[in-house]
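Comments concern the structure below.
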Amino acid sequence: MDEVERFSAEVRANVDRLMADADMQALSRAWLAEVTRRRYTYNFTWLGRPVIQMPQDLLAVQELIWQVRPDLVVETGIAHGGSLVHSASVLELLGGDRLVVGVDVDIRAHNRRELEKHPLAHRIRLIEGSSSDERTAAAVRDHARGRQAVLVVLDSDHTHAHVLRELQLYSPLVTRGSYLVVFDTLIEDLPNSLFAGRAWGKGNNPKTAVWEFLATSPRFEIDPRIPAKLLLTCAPDGFLRCVSD
(Lines give C-alpha, C1' and ligand atoms only; values in the text may rest on other atoms or scores of the structure.)
Protein backbone atom coordinates (compact mmCIF):
# COMPACT_ATOMS: atom_id res chain seq x y z
CA MET A 1 0.00 0.00 0.00
CA ASP A 2 1.52 3.35 -1.04
CA GLU A 3 1.27 6.50 1.08
CA VAL A 4 -1.75 7.91 -0.80
CA GLU A 5 -3.67 4.67 -0.29
CA ARG A 6 -2.54 4.49 3.34
CA PHE A 7 -3.88 7.97 4.08
CA SER A 8 -7.18 7.19 2.34
CA ALA A 9 -7.53 4.07 4.48
CA GLU A 10 -6.92 6.11 7.63
CA VAL A 11 -9.66 8.54 6.61
CA ARG A 12 -12.11 5.71 5.92
CA ALA A 13 -11.39 4.23 9.35
CA ASN A 14 -11.89 7.62 10.96
CA VAL A 15 -15.28 8.03 9.25
CA ASP A 16 -16.23 4.52 10.41
CA ARG A 17 -15.56 5.57 14.00
CA LEU A 18 -17.57 8.77 13.60
CA MET A 19 -20.53 6.83 12.16
CA ALA A 20 -20.51 4.61 15.26
CA ASP A 21 -20.15 7.49 17.72
CA ALA A 22 -23.71 8.29 18.79
CA ASP A 23 -22.56 10.80 21.41
CA MET A 24 -20.59 12.80 18.86
CA GLN A 25 -23.53 12.79 16.45
CA ALA A 26 -25.87 14.04 19.20
CA LEU A 27 -23.41 16.76 20.21
CA SER A 28 -23.22 17.91 16.59
CA ARG A 29 -27.02 18.14 16.36
CA ALA A 30 -27.12 20.20 19.54
CA TRP A 31 -24.51 22.58 18.15
CA LEU A 32 -26.44 22.87 14.88
CA ALA A 33 -29.60 23.78 16.75
CA GLU A 34 -27.83 26.60 18.56
CA VAL A 35 -26.15 28.06 15.48
CA THR A 36 -29.39 27.85 13.52
CA ARG A 37 -30.92 30.22 16.09
CA ARG A 38 -28.08 32.62 15.34
CA ARG A 39 -28.27 32.47 11.50
CA TYR A 40 -24.71 31.16 11.39
CA THR A 41 -24.84 30.13 7.74
CA TYR A 42 -25.41 33.76 6.70
CA ASN A 43 -21.87 34.69 7.77
CA PHE A 44 -19.93 33.48 4.74
CA THR A 45 -19.16 34.36 1.13
CA TRP A 46 -17.62 32.47 -1.77
CA LEU A 47 -15.54 34.58 -4.15
CA GLY A 48 -17.45 37.67 -3.15
CA ARG A 49 -21.04 36.38 -3.08
CA PRO A 50 -23.01 35.46 0.08
CA VAL A 51 -23.28 31.70 0.09
CA ILE A 52 -25.70 30.88 2.98
CA GLN A 53 -24.45 27.33 3.46
CA MET A 54 -22.70 25.41 6.21
CA PRO A 55 -18.98 25.58 5.33
CA GLN A 56 -18.68 21.82 5.79
CA ASP A 57 -21.42 21.28 3.20
CA LEU A 58 -19.53 23.45 0.72
CA LEU A 59 -16.51 21.21 1.19
CA ALA A 60 -18.67 18.14 0.58
CA VAL A 61 -20.14 19.55 -2.63
CA GLN A 62 -16.65 20.52 -3.81
CA GLU A 63 -15.49 16.96 -3.20
CA LEU A 64 -18.43 15.54 -5.14
CA ILE A 65 -17.94 17.85 -8.12
CA TRP A 66 -14.25 16.98 -8.25
CA GLN A 67 -15.05 13.26 -7.93
CA VAL A 68 -17.95 13.13 -10.40
CA ARG A 69 -16.55 15.72 -12.83
CA PRO A 70 -20.02 16.70 -14.07
CA ASP A 71 -20.39 18.76 -17.20
CA LEU A 72 -23.60 20.19 -15.72
CA VAL A 73 -24.59 21.11 -12.17
CA VAL A 74 -28.22 22.06 -11.55
CA GLU A 75 -29.10 24.04 -8.43
CA THR A 76 -32.57 25.08 -7.29
CA GLY A 77 -32.63 28.10 -5.00
CA ILE A 78 -30.24 30.92 -5.88
CA ALA A 79 -30.61 33.62 -3.18
CA HIS A 80 -27.46 35.76 -3.50
CA GLY A 81 -25.76 33.27 -5.78
CA GLY A 82 -22.79 32.20 -3.68
CA SER A 83 -23.54 28.51 -4.14
CA LEU A 84 -23.65 28.94 -7.92
CA VAL A 85 -20.30 30.72 -7.84
CA HIS A 86 -18.92 27.96 -5.62
CA SER A 87 -19.93 25.26 -8.12
CA ALA A 88 -18.76 27.38 -11.04
CA SER A 89 -15.33 27.82 -9.47
CA VAL A 90 -14.77 24.06 -9.31
CA LEU A 91 -16.14 23.58 -12.82
CA GLU A 92 -13.72 26.27 -14.03
CA LEU A 93 -10.81 24.21 -12.71
CA LEU A 94 -12.14 21.13 -14.48
CA GLY A 95 -12.32 23.04 -17.76
CA GLY A 96 -14.31 22.27 -20.88
CA ASP A 97 -17.77 23.70 -21.45
CA ARG A 98 -19.09 22.81 -18.00
CA LEU A 99 -21.97 24.90 -16.63
CA VAL A 100 -23.99 25.40 -13.47
CA VAL A 101 -27.68 26.21 -14.01
CA GLY A 102 -29.43 28.06 -11.19
CA VAL A 103 -33.22 28.12 -10.78
CA ASP A 104 -35.18 30.49 -8.57
CA VAL A 105 -38.76 31.73 -8.52
CA ASP A 106 -37.50 35.27 -7.89
CA ILE A 107 -34.03 36.32 -9.01
CA ARG A 108 -33.71 39.75 -7.50
CA ALA A 109 -32.25 42.42 -9.73
CA HIS A 110 -29.25 43.21 -7.53
CA ASN A 111 -28.32 39.53 -7.27
CA ARG A 112 -28.67 38.99 -11.01
CA ARG A 113 -26.53 42.05 -11.65
CA GLU A 114 -23.73 40.83 -9.38
CA LEU A 115 -23.79 37.33 -10.87
CA GLU A 116 -23.78 38.58 -14.45
CA LYS A 117 -20.68 40.68 -13.85
CA HIS A 118 -18.84 38.04 -11.81
CA PRO A 119 -15.59 36.67 -13.32
CA LEU A 120 -17.23 33.22 -13.43
CA ALA A 121 -20.42 34.41 -15.16
CA HIS A 122 -19.47 32.42 -18.27
CA ARG A 123 -20.00 29.22 -16.25
CA ILE A 124 -23.43 30.26 -14.90
CA ARG A 125 -26.90 30.19 -16.45
CA LEU A 126 -29.94 31.59 -14.63
CA ILE A 127 -33.55 30.45 -14.99
CA GLU A 128 -36.31 32.41 -13.27
CA GLY A 129 -39.38 30.35 -12.42
CA SER A 130 -40.69 27.94 -9.84
CA SER A 131 -38.50 24.86 -9.68
CA SER A 132 -41.65 22.76 -9.21
CA ASP A 133 -43.15 24.00 -12.50
CA GLU A 134 -42.92 21.71 -15.52
CA ARG A 135 -42.02 24.62 -17.82
CA THR A 136 -39.05 25.48 -15.62
CA ALA A 137 -37.96 21.86 -15.51
CA ALA A 138 -38.20 21.72 -19.31
CA ALA A 139 -35.84 24.70 -19.56
CA VAL A 140 -33.38 22.88 -17.29
CA ARG A 141 -33.68 19.73 -19.40
CA ASP A 142 -32.72 21.79 -22.44
CA HIS A 143 -29.40 22.59 -20.75
CA ALA A 144 -28.94 18.94 -19.79
CA ARG A 145 -29.45 17.62 -23.31
CA GLY A 146 -26.27 15.93 -24.53
CA ARG A 147 -24.49 16.20 -21.19
CA GLN A 148 -22.59 13.12 -20.02
CA ALA A 149 -22.57 13.67 -16.24
CA VAL A 150 -25.09 15.72 -14.27
CA LEU A 151 -25.17 16.56 -10.54
CA VAL A 152 -28.25 18.17 -8.93
CA VAL A 153 -28.54 20.24 -5.73
CA LEU A 154 -31.98 21.10 -4.28
CA ASP A 155 -32.20 24.06 -1.90
CA SER A 156 -35.33 26.14 -2.51
CA ASP A 157 -38.73 25.90 -0.77
CA HIS A 158 -38.33 23.38 2.06
CA THR A 159 -41.88 21.98 2.27
CA HIS A 160 -42.39 18.25 1.77
CA ALA A 161 -44.62 18.67 -1.28
CA HIS A 162 -42.30 21.10 -3.03
CA VAL A 163 -39.14 19.06 -2.48
CA LEU A 164 -40.87 15.83 -3.48
CA ARG A 165 -41.96 17.50 -6.73
CA GLU A 166 -38.38 18.70 -7.32
CA LEU A 167 -37.10 15.18 -6.70
CA GLN A 168 -39.53 13.81 -9.26
CA LEU A 169 -38.66 16.46 -11.85
CA TYR A 170 -34.87 16.60 -11.55
CA SER A 171 -33.79 13.14 -10.40
CA PRO A 172 -34.03 11.77 -13.98
CA LEU A 173 -31.25 14.19 -14.96
CA VAL A 174 -28.76 12.71 -12.48
CA THR A 175 -26.38 10.26 -14.08
CA ARG A 176 -25.14 6.99 -12.66
CA GLY A 177 -22.33 7.53 -10.15
CA SER A 178 -23.32 11.16 -9.60
CA TYR A 179 -25.27 12.68 -6.72
CA LEU A 180 -28.57 14.34 -5.94
CA VAL A 181 -28.00 16.58 -2.91
CA VAL A 182 -30.99 17.73 -0.86
CA PHE A 183 -30.27 20.49 1.63
CA ASP A 184 -32.09 21.39 4.86
CA THR A 185 -33.11 17.83 5.67
CA LEU A 186 -31.81 18.89 9.10
CA ILE A 187 -35.20 20.54 9.75
CA GLU A 188 -36.59 17.16 10.78
CA ASP A 189 -33.95 16.85 13.52
CA LEU A 190 -34.22 20.32 15.06
CA PRO A 191 -36.73 21.80 17.54
CA ASN A 192 -39.90 22.87 15.76
CA SER A 193 -39.70 26.23 17.55
CA LEU A 194 -36.85 27.20 15.21
CA PHE A 195 -39.29 27.26 12.30
CA ALA A 196 -42.19 29.20 13.82
CA GLY A 197 -44.01 31.07 11.08
CA ARG A 198 -42.48 28.94 8.35
CA ALA A 199 -44.40 26.69 5.99
CA TRP A 200 -42.13 23.77 6.95
CA GLY A 201 -41.23 21.96 10.18
CA LYS A 202 -41.11 18.48 11.66
CA GLY A 203 -43.01 16.04 9.47
CA ASN A 204 -43.07 18.50 6.56
CA ASN A 205 -39.59 19.14 5.20
CA PRO A 206 -36.92 17.96 2.75
CA LYS A 207 -36.01 14.87 4.80
CA THR A 208 -39.58 13.55 4.83
CA ALA A 209 -39.69 14.18 1.07
CA VAL A 210 -36.44 12.23 0.60
CA TRP A 211 -37.84 9.29 2.56
CA GLU A 212 -40.99 9.18 0.45
CA PHE A 213 -39.02 9.58 -2.78
CA LEU A 214 -36.61 6.76 -1.94
CA ALA A 215 -39.47 4.35 -1.23
CA THR A 216 -40.23 4.28 -4.96
CA SER A 217 -36.89 5.32 -6.49
CA PRO A 218 -34.41 2.44 -6.57
CA ARG A 219 -31.95 4.48 -8.68
CA PHE A 220 -30.86 6.33 -5.54
CA GLU A 221 -29.52 5.46 -2.12
CA ILE A 222 -28.49 7.56 0.86
CA ASP A 223 -24.73 7.91 1.26
CA PRO A 224 -24.42 7.93 5.07
CA ARG A 225 -20.66 8.46 5.10
CA ILE A 226 -20.77 12.07 3.92
CA PRO A 227 -22.88 13.45 6.82
CA ALA A 228 -20.94 11.21 9.22
CA LYS A 229 -17.60 12.68 8.27
CA LEU A 230 -18.94 16.25 8.16
CA LEU A 231 -20.65 16.04 11.58
CA LEU A 232 -21.92 19.58 11.02
CA THR A 233 -24.23 19.46 8.01
CA CYS A 234 -27.61 20.77 6.91
CA ALA A 235 -28.16 17.62 4.83
CA PRO A 236 -28.38 14.44 6.95
CA ASP A 237 -29.91 11.76 4.69
CA GLY A 238 -29.61 14.34 1.93
CA PHE A 239 -26.60 13.08 -0.04
CA LEU A 240 -28.20 10.65 -2.50
CA ARG A 241 -25.96 8.57 -4.73
CA CYS A 242 -27.29 7.48 -8.13
CA VAL A 243 -26.59 3.76 -8.43
CA SER A 244 -28.19 2.89 -11.77
CA ASP A 245 -29.08 4.33 -15.16
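Okay, residues lined up against (1) closer than 21 Å to LEU154 by Cα; (2) surrounded by 21 or more Cβ atoms within 10 Å (Cβ to Cβ):
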residue: ASP97; (1), (2): no, no
residue: VAL101; (1), (2): yes, yes
residue: ARG113; (1), (2): no, no
residue: GLU116; (1), (2): no, no
residue: SER130; (1), (2): yes, no
residue: ALA137; (1), (2): yes, yes
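Screening ASP21 on (1) more than 21 Å from HIS143 (Cα to Cα); (2) of a type in the set (Asp, Glu); (3) touching a Lys or Arg at 6+ places or on another chain (Cβ under 8 Å) shows it passes everything except condition (3). Only residues that are under 21 Å from the mean Cα position of the chain (by Cα) and assigned to a helix (DSSP H, G or I) were counted in the range 114-133, giving 3. Are any of the residues in the range 8-31 modelled with pLDDT of 95 or more, under 20 Å from ALA235 (Cα atoms) and within 15 Å of the chain's Cα centre (by Cα)? Scanning the range 8-31, I find no residue that is modelled with pLDDT of 95 or more, under 20 Å from ALA235 (Cα atoms) and within 15 Å of the chain's Cα centre (by Cα), so the answer is no. Look at (1) more than 27 Å from LEU47 (Cβ to Cβ); (2) outside any helix (DSSP H, G or I); (3) among the basic types (Lys, Arg) and you find that ARG147 fails only one, number (1).
When GLY81, GLY102, GLY96 are screened for being under 22 Å from THR185 (Cβ atoms) and at pLDDT 95 or above, only GLY102 passes. Taken over the range 157-171, the criterion of being in a helix (DSSP H, G or I), of a type in the set (D, E, K, R) and within 15 Å of the chain's Cα centre (by Cα) is satisfied by GLU166 alone. The criterion of being among the hydroxyl-bearing types (Ser, Thr, Tyr) and farther than 23 Å from PHE239 by Cβ does not hold for SER171. Checking ARG123, ARG147 one by one, the residue that is in contact with a Leu (Cβ under 6 Å, 6 or more places away or on another chain), more than 15 Å from LEU169 (Cβ to Cβ), modelled with pLDDT of 95 or more and surrounded by fewer than 19 Cβ atoms within 10 Å (Cβ to Cβ) is ARG147 and no other.
Kindly check whether there is at least one residue in the range 86-95 that is farther than 24 Å from ARG147 by Cα, hydroxyl-bearing (Ser, Thr, Tyr), surrounded by fewer than 23 Cβ atoms within 10 Å (Cβ to Cβ) and touching a residue at least 24 places away in the same chain (Cβ under 8 Å).
no
Scanning the range 168-182 for residues that are within 11 Å of LEU240 (Cα to Cα) and of a type in the set (A, V, I, L, M) yields a total of 4.
The values are calculated or read from the model by the stated rules, or taken from the named source; none is laboratory data. Every value quoted in this text rests on a predicted model; they were computed, and no experiment measured them. All Cβ positions, even for glycine, are placed from backbone atoms using ideal geometry, and neighbour counts span all protein chains on display.
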